[in-house]
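J.: First the structure, which I've put down as structure tokens, then a few questions once you've had a look.
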Amino acid sequence: MYKCNSRRLQELIEQFSRFGATDNGGVTRLSLSNEDILARNYFCECCEALGMNIQIDDMGNIYATLPGKKNVPPIVMGSHLDSVEKGGRFDGVLGVLTAIEAIRTIKENGIDIEIPLTIVNFTNEEGARFDPAMMSSGVITSKFAKEKMLQSTDKNGISFQEALQASGYQGKKEHRLKEALAYLELHIEQGPILEAQQCEIGVVEGVLGMVCYELTITGQSNHAGTTPMSMRKDPMIVASTIITELHEQLGNIDEQLVYTFGRMHVTPNIHTVIPNKVTFTIDSRHQKPEVMQQVEDILLALPEMAAGCSIQPVKLWGRETVYFDTTICHEVEQACQRFGYTAHRMFSGAGHDAQYMASIVPSAMIFVPSIQGKSHCEEEATTFEDCVKGADILLETVLTLQTKFSMGETYTLH
């Protein structure tokens, strides 16, 4: 077994943390921003120094490949370099940097590579600048239409197409990843489970199914001081009642169900005016489709009218649970046993590029703990010790797959 270099990985993480560093120890590195371009440039420099070949596709995805002795599809590792606004130093980028460290360890130890190894940086995974999240992995796996994605605009009216052209990272469609023997994505957990379980590695079996609805409650605006309570059609009161009732009903379905009332718009949003419209979202996630169906049944059973206000639920989007390749998950778990690292099998509640990649290539994910479960904030943290343990498992799994694929073993999509 080969161990990765903890100090070298820490220095690499710290270097990338400078691209878009915030005053409170986080990063703002929105997709195709100047900060993202600096990170991309340095990523390419690191990979070229390792003798890797760089290709860029038409969505700005970067592929750095270390050639193998065999002319076969590669084993792919990676994640993304972009962040949310005032995000953390580990989300996404750690999957790219541990892949670099794995290649550095391979080169340092003179390990023969039969199967090519590719590191990928996916463009606009976060969706923090351009909707939707996981945009470019979604395009290359036919989940999204490219032409529609190119027209997505940021808050300044700049389209994704304009930003991509200006970045210098608009490549060719023929460079898209079409075939791979396996895809592995290391990521911080972004939740509290591994820390609570005192486990060092998460063996991720899949990504939870989810459904997102927007509820619109329409009433009637009027003066806040002159309209008697009994004569009001106040959508805010109705919305608050519905949220309370949904919290009680959904909370009784299954203890593993998570749901969030995450976005609310009030019109006209003036303190002296009774609102005429309130819209809010509810995001629900669970592994089992029958549980998700119960959630939808409850939402669709809401009355059409209440207290003089109309109620309209609209489904914004949803996805079924994505299951990762069982054989690769087993290899990750076996690698943990060989290193003596404690492992926990789990599902991801957050979306990742791997969930789209799983539709075209056998895929799996590796989680490392998030301190206090914090992510998408400047306080996000993972110990460097845990980072390098994740890199060890990534490398060990890749080398195991190298051996098996070299002997003619193949995995098929489940």
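J.: Cβ neighbours within 10 Å, averaged per peptide: list 204-210, 106-112 in order, most packed at the top.
T.: The packing order, highest mean first, is 204-210, 106-112.
J.: For the range 16-72, what % of the accessible area comes from carbon and sulfur atoms, probe 1.4 Å?
T.: 45
J.: For Met292, Met1, write out the residues from largest to smallest accessible area, computed with a 1.4 angstrom probe and no ligands counted.
T.: My answer, sorted largest first, is Met1, Met292.
J.: With all protein chains present, how much of the accessible area of the range 106-206 (probe radius 1.4 Å) comes from carbon and sulfur, to the nearest whole percent?
T.: Answer for the range 106-206 is 43 percent, counting heavy atoms of protein chains only.
J.: Averaging sequence separations of C-alpha pairs under 8 Å and six or more residues apart, then dividing by the length of the chain, give the relative contact order as a whole percent.
T.: 23
J.: Here is a follow-up. Need one value: the accessible area of Leu12 in square angstrom, 1.4 angstrom probe, rounded to the nearest 10.
T.: My reading of the accessible area for Leu12 is about 10 Å².
J.: Let me ask something additional. Rounded to the nearest 10 Å², what accessible area does Ile328 have for a 1.4 Å probe in the complete protein model?
T.: Number for this one is 0 Å².
J.: Before I look further, what does the chain give for accessible area per residue, probe 1.4 Å, in whole square angstrom?
T.: 44
J.: Taking amide H atoms as placed 1.01 Å from N in the peptide plane, list the residues 5 or more away in sequence, or in a different chain, whose amide H sits under 5 Å from that of Val76.
T.: Thr118, Leu181, Ala182, Tyr183, Leu184
J.: Please report, as a whole percent, how much of the solvent-accessible surface of the range 367-406 comes from carbon and sulfur atoms (probe radius 1.4 Å).
T.: That fraction is 50 percent.
J.: Counting other Cβ atoms within 10 Å of each Cβ, which trypsin sites (Lys or Arg not before Pro) in the range 189-295 have at most 16 and sit in a DSSP loop?
T.: In loop regions of the range 189-295 (DSSP not H, G, I, E or B), the sparsely surrounded trypsin sites (Lys or Arg not before Pro) are Arg263.
J.: Checking the table Lys374/Lys404; Lys69/Lys143; Lys178/Lys404; Lys143/Lys288; Lys3/Lys69; Lys107/Lys389 against a 26 Å threshold on Cα-Cα, which pairs fail?
T.: Over 26 Å Cα-Cα: Lys374/Lys404; Lys69/Lys143.
J.: Which sequence of Phe16, Phe339 reflects their accessible areas, 1.4 Å probe, from the largest down?
T.: From most exposed to least exposed: Phe339, Phe16.
J.: Moving on to the next point. From the square roots a ≥ b ≥ c of the eigenvalues of the alpha-carbon gyration tensor of the range 110-262, which class results: rounded (a/c under 1.5), prolate (a/b over b/c), or oblate?
T.: Oblate.
J.: Using every alpha carbon pair in the chain, what percent of pairs falls into each 20 Å bin from 0 up to the bin containing the largest distance?
T.: For the chain, the binned pair fractions read 26, 53, 19, 3, 0 percent.
J.: Output the peptides 57-67, 356-366, 37-47, 164-174 sorted from most to least packed, where packing is the average of other Cβ atoms within 10 Å over each peptide's residues.
T.: Those peptides, ordered most packed to least, come out 356-366, 57-67, 37-47, 164-174.
J.: With the cut-off at 1.5 for a/c, could you classify the range 1-132 from its C-alpha gyration tensor as rounded, prolate or oblate?
T.: oblate
J.: What's the percent breakdown of Cα-Cα distances in the range 210-268 across 5 Å bins, shortest bin first?
T.: 3, 14, 23, 21, 14, 11, 7, 5, 2, 0
J.: Stokes-Einstein diffusion coefficient for the range 1-68 at 37 °C in a medium of 0.692 mPa s, Rh from the Kirkwood formula over Cα pairs: what value in µm²/s?
T.: 241
J.: Quick check on the chain: helices-only [θ] at 222 nm, where DSSP H runs of length 4 and up contribute -39,500 (n - 2.57) each and the sum goes over total residues. Nearest 500, please.
T.: When only DSSP H runs of four or more count, the value is -10500 deg cm²/dmol.
The values are calculated or read from the model by the stated rules, or taken from the named source; none is laboratory data. On a predicted model such as this, the values are computed, not experimentally measured, just so you know. Note: ideal-geometry Cβ built from the backbone for every residue, glycine included; neighbour counts use all protein chains shown. Ligands, DNA and RNA are excluded from the accessible area calculation, which covers all protein heavy atoms including side chains. Shrake-Rupley method; radii C 1.70, N 1.55, O 1.52, S 1.80 Å.
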